[in-house]
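Below you'll find the structure, written out as C-alpha cells, and then a few comments.
Just so it is clear, none of the values below were taken in a lab; they were calculated from the coordinates. For clarity, every value in this text was computed on a predicted model and none was experimentally measured. Methodologically, a virtual Cβ is constructed for each residue, glycine included, from the backbone with ideal geometry; neighbour enumeration extends over all protein chains shown.
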Amino acid sequence: MDMITDTARVARHEAARTVQATHNGGEFLTFRLGGEEYGIDILKVQEIRSYEVPTRIANAPPFIKGVVNLRGVIVPIVDLRLKLGCDSADYNGFTVVIVLNVKGRVVGAVVDSVSDVLELAPDAIKPAPEIASAVDASFITGIGSVSDRMLILMDIESLMASAEMGLVNTND
C-alpha cells in the first residue's frame with residue numbers, strides 16, 4: 001500500500017515538474033462543469049456547437065453519449081460531466097459541445113456552458129495539489145488564478161486519448 005502511494009507521489013511530482021516546465025501561460029478556453037470552472041488549451045479547440053442529441057452507440061460506456069455527423073465526419077461525443085463525476089448532467093439551453101482535435105481525431109466534449117477565453121501568465125498557474133485518493137487526476141495540469149476565480153487546467157488531450165476512453169489509437 002505504501003509503495004503504491006509513494007509511486008503515485010513520485011508520478012505527481014514528475015507531472016508537477018513537467019507542468020512548471022511546459023506552462024509558459026497561454027490562452028485557455030474556460031467552461032463550467034457543475035460548480036467548477038475548467039480551462040483547456042485553446043489550440044485544441046476546433047469549434048463550439050450547441051448540443052444536439054447524438055446517435056447512441058450500443059454497449060458504449062455511459063459517458064460516451066454517441067456520435068454526430070459534423071459536415072461528413074462522424075464525431076464521438078463524450079459527456080465530461082458524466083466522465084468526471086459531476087452531480088448532475090442536465091441538458092439545457094447553455095449546454096454546448098466543444099469540438100476538439102485530439103491527436104488528429106475529432107472528438108466532442110459536452111459541458112454545462114462555455115465561459116470565455118482567458119490569457120494566463122506563467123505566474124498565474126500553480127501546480128495541482130497532491131490528492132491521495134483513488135481519483136485519477138493525472139489530466140489536471142495546474143490551477144489558474146484569475147482575480148477571484150480559480151480554474152482547473154486540464155490536459156484535454158491526455159484525458160481524451162486515455163486507454164479507458166478508447167477514442168484515440170495511442171499507438172500512433
Amide proton proximity set for residue 51, modelled H, under 5 Å, gap of 5+: 97
Modelled label reach - residue 149, point 7 Å along Cα→Cβ, region 93-112 residues with backbone N closer than 20 Å: 93-99, 109-112
Pairwise label distance in nanometres, residue 103 with residue 123, each label 7 Å out on the Cα-Cβ vector: 3.7 nm
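If r is the Cβ-Cβ distance from residue 138 to residue 71 and R0 is 30 Å, what FRET efficiency results, to the nearest 0.05?
Working: r = 33 Å, r/R0 = 1.09.
Working from the Cβ atoms, E equals 0.35.
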Hz values of 3J(HN,Hα) by residue in region 68-77 - Karplus curve (6.51, -1.76, 1.60), Gly and Pro given as x: 10, 9, 10, 6, x, 9, 7, 10, x, 10
Whole-Hz ³J(HN,Hα) from phi, Karplus 6.51 cos²θ - 1.76 cosθ + 1.60, for region 43-50, glycine and proline x: 5, 8, 8, 8, 6, 10, 10, 5
